[in-house]
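We did not get these values from a lab; they are worked out from the coordinates using the rules stated. Since we're looking at a predicted model, the values are computed, not measured. No Cβ is skipped: glycine too gets one built from the backbone with ideal geometry, and neighbour counts run over all protein chains shown.
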Amino acid sequence: MTVVVGYGPGSRSSGALELASTYADARGEDLLVVSVIPPRWSSPSLARQADAEFAAWAAQQGDAALARAKAELAEMGSGAEASFRKVDHRSPGTALLSVALETGATGIVVGSSEDARRGSVELGSTGSWLLHSSTVPVGIAPRGYARPVGGFTGVSCAVAGLDGDAAVIATSKTIAAGAGVGLRLVTFAVRLDTMFPTVVGPGVEDEIVAAAREQSESYFGELRAASVIDDGVQTVVGLGHGWRAAMDSIAWDQGDMLVLGSHKTDVLTRVFLGTNATKIVRYAPVPVVVLPA
């Protein structure tokens, strides 16, 4: 099987390549590096010479990007068998998904926006399009992500007490087993801003969060009773005043990966993030893999 990774001419960070190579190594899969370049105009142009020069320049940029990716993979010491492809398309997201479907890829990996804070996940235009349209899993690398020495050290699976959790957990188990690491289930109890005036008393929000934590622990117990997870699976509840604090309340290792599911749409079974899932992605300090519904 194959993991597709986007590495465009304008790539200034190898984060996506670092994540894709680590993921491919962990799963024993091949790696397909795709550089998407803008195509020539489909209609005849009066500026034929300029159009031809632009096409030649774009092709050179694509070739240079693939050569750079090849050199970086060699320096990383990745064991995955890698191939390289240059694709003409106006939409990088559409091109990556098309290649993934053509090759039967198990996932697509992209990097974060260049505007993201280092170590954080922030969707660029390509990542955002894929998370609304992809029918295969999408991995997003934090900005500046570096391949962990020795590969992944753990897989965390975000659950929310929904019907689709069992399927997400099953896939997370497979990923963890392939990487030879443990599985951890995480859920979040987020304390929102206090209302003013506090007509219900200042301790009510804390009670609500405590109840949410108790409910989460009860849910983990139900998953164990139903044999969805075994006693060896670690469970943790992220608590905090806001999503960033809740995420930071959980211990994360450089070699961790976070897996979460998505919502079904009325049109296709594809990746589509709800409000909470979007916030989890936004504040994740580790690579995120989002699964289609």
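Worth pointing out:
- Vicinal HN-Hα couplings computed from phi for region 153-167 (Karplus, 6.51 cos²θ - 1.76 cosθ + 1.60; Hz; Gly/Pro x): 10, x, 10, 9, 10, 7, 10, 9, x, 9, 4, x, 4, 4, 5
- Taking amide H as placed 1.01 Å from N in the peptide plane, residue 107 has its amide H under 5 Å from the amide H of 4, each at least 5 places away in sequence or on another chain.
- Applying 1/(1 + (r/R0)^6) with r as the Cβ-Cβ distance of residue 83 and residue 166 and R0 = 35 angstrom yields a FRET efficiency of 0.50.
- Built amide H within the under 5 Å cut-off of residue 134, gap 5+: 271
- Within the straight-line cut-off of under 16 Å between alpha carbons, the aspartates and glutamates reachable from residue 70 are 18, 25, 30, 81, sequence neighbours fewer than 8 places apart in one chain being disregarded.
- In this structure, the amide hydrogen of residue 238, modeled 1.01 Å from its nitrogen in the peptide plane, lies closer than 5 angstrom to those of 187, 188, 189, counting only residues at least 5 positions away or on a different chain.
- Between residue 254 and residue 293, the contour length at 0.36 nm per residue exceeds the alpha carbon distance by 11.3 nm.
- Straight-distance candidates among the aspartates and glutamates for linking to residue 86, with alpha-carbon spacing under 14 Å and chain neighbours fewer than 8 residues away dropped: 63.
- Ranked list, fewest to most other Cβ atoms within 10 Å of each Cβ, for 1, 247, 76, 257: 1, 76, 247, 257
- Along region 244-256 the Karplus relation, 6.51 cos²θ - 1.76 cosθ + 1.60 evaluated at θ = phi - 60°, assigns HN-Hα couplings of 5, 5, 5, 5, 6, 6, 9, 6, 10, 9, 4, x, 7 Hz to successive residues, with x for each Gly and Pro.
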